[in-house]
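Okay, structure first, notes after.
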Amino acid sequence: PTPPPPPTPLPPLTPPLRPLDLHGRIDRVICLKCKATSSRSSLQGRLKEANEHFIERALQEGGKQQPDGDFQFDDECGGDFNVCTCSECGGILKPDVTFFGDNVPKDRVDMCMADVNSADAVLVIGSTLSVYSAFRFVQHAARLEKPIAVVNLGETRSERSGHPVLKINMKCDEAMVICDGLLK
């Protein structure tokens, strides 16, 4: 087989550069009923206030903190935990992320397709592009012959696909510092 053509050079970065959090953001929570969003830190404050002595009591009753930060405790102790609900409607809250098996919201997919259509280039940061929900935008950009750059440690699906891609093997936080410096 013939190797893929070299990637098209990326145009200079110019504001406004609008990142899209395709799979959501862990620093936000969303109400499953009314779709209101709030910060995870504000929910953490509400949880702490609503369960002021819960952790201490759980530890006194034999609860153990696990290596991942979770606590394991008796069922009796768990019954005392107060779950906070949406401040707007009382609905159930969850992290504002698309979990494995969930679908990316259609409006977000449509917005991302429109962004690819109008973009000069596509920059993917911190994704192996293993799941189709993200990879489809790289495929779309390739069909439109847009330059594509991927910042990720290790191989990604984009290299295996044969699409011309500029691959940057770098930690995402380091790449973000460089991008931020270019935009100033």
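The values are calculated or read from the model by the stated rules, or taken from the named source; none is laboratory data. All values derive from a computational prediction rather than experimental measurement. Quick note on the areas: whole protein, heavy atoms, side chains included, nothing else; ligands and nucleic acids left out. Shrake-Rupley method; radii C 1.70, N 1.55, O 1.52, S 1.80 Å.
Descriptive notes on the structure:
- In this structure, the amide hydrogen of Val150, modeled 1.01 Å from its nitrogen in the peptide plane, lies closer than 5 angstrom to those of Val124, Leu166, Lys167, Ile168, counting only residues at least 5 positions away or on a different chain.
- Heavy-atom surface of the range 49-135, accessible at 1.4 Å and reported per residue (Å²): 68
- For the range 92-101, putting each phi into the Karplus relation 6.51 cos²θ - 1.76 cosθ + 1.60 with θ = phi - 60° gives couplings of 7, 9, 8, x, 7, 10, 8, 7, 4, x Hz, in residue order, rounded to whole numbers and with x for Gly and Pro.
- Gain on full extension, evaluated as 0.36 nm per residue between Asp80 and Leu32 minus their Cα-Cα distance, stands at 14.9 nm.
- Computed in the context of the full set of protein chains, the accessible area of the range 80-184 at 1.4 Å probe radius has 56% of its extent on carbon or sulfur.
- Over all directions, the projected convex hull of the C-alpha atoms in the range 105-162 averages 3.8 nm² in area.
- The ratio of the alpha-carbon radius of gyration of the range 46-154 to the globular-protein estimate 2.2 N^0.38 Å is 1.65.
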